[in-house]
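Taken together, the values in this text are just the output of simple stated rules run on the coordinates, not laboratory data. Every value quoted in this text rests on a predicted model; they were computed, and no experiment measured them.
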């Protein structure tokens, strides 16, 4: 059934203009007529292809389509461009400004700079010569490889022998950087451990602990201080130190291309340690002997400490210091601390100097920087 009224029916139902509504039924007839007129108008518009018009007071009964971007809905005008630019410039007022950041890359020291760092160390002339000899050896190996010449197996594991305070750790740290600079090591870090960092107190745990220590040193140097403690004297019974040595030897072989191990300790003890296991003898073939500092070198170390902290010695104080270091060098024993003794002596002097100045009412710059022979005498007694 066709619900749309015919045009002639629509004309017949319309009342003359100016007629009055006599009843509610007449009002209902009027509303019906208006709706019929709207439907007829829509039908006519659809036939002609024109877009439908809606009543200004009545919203359309169609679903609102999703909003489109300006670029898709209509061309961007100059006003739009200004608005977009303003939005980009201002951004979210609550959001922090984001600027491109890049951490400054610290320049790695060159071989020449590292060798200079080694040269400024007091004493250690034989050590400096040995290090330079190794650097030359590695350079020539590289040149032979470039010329397709064979090279013997390279082993840079080392034994540092000497009393405490002779610069073993300092030299090891410079070596790690040097080997990185010439391409022997990929990272050049120095990992320092002793027996407590390798040996555990339970069965099966030592291998794990040693493995972790070695893995942390890959790409650099593993420095084992007092390494002889891993190999106790014969007859001491079962000891987990032997398990640590076996684990260490295996990992040295597995990572021989990017790991250097330096074992350090007293001369006599280190000889016994290397002889305790055939694997140690075969892998450690470079021995560095760190001699005790003589009295003049001890004084040079002391003067360097004073200079770095901006302390000035009086002439009498300097004379007392030379006599002090000459005496302790002549009377040293196997427990002589070398540079450690100098550092302890310097720290005692600073403490005595502070006590002396604290009794003064006023302090000049000269007071704060001058060390007297009285300060050294009191420090020596400590």
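Details
- Expressed as a fraction of 2.2 N^0.38 Å, the C-alpha radius of gyration for the range 295-381 is 1.09.
- Descending Cα extents along the principal axes, the range 111-290, whole Å: 50, 38, 25
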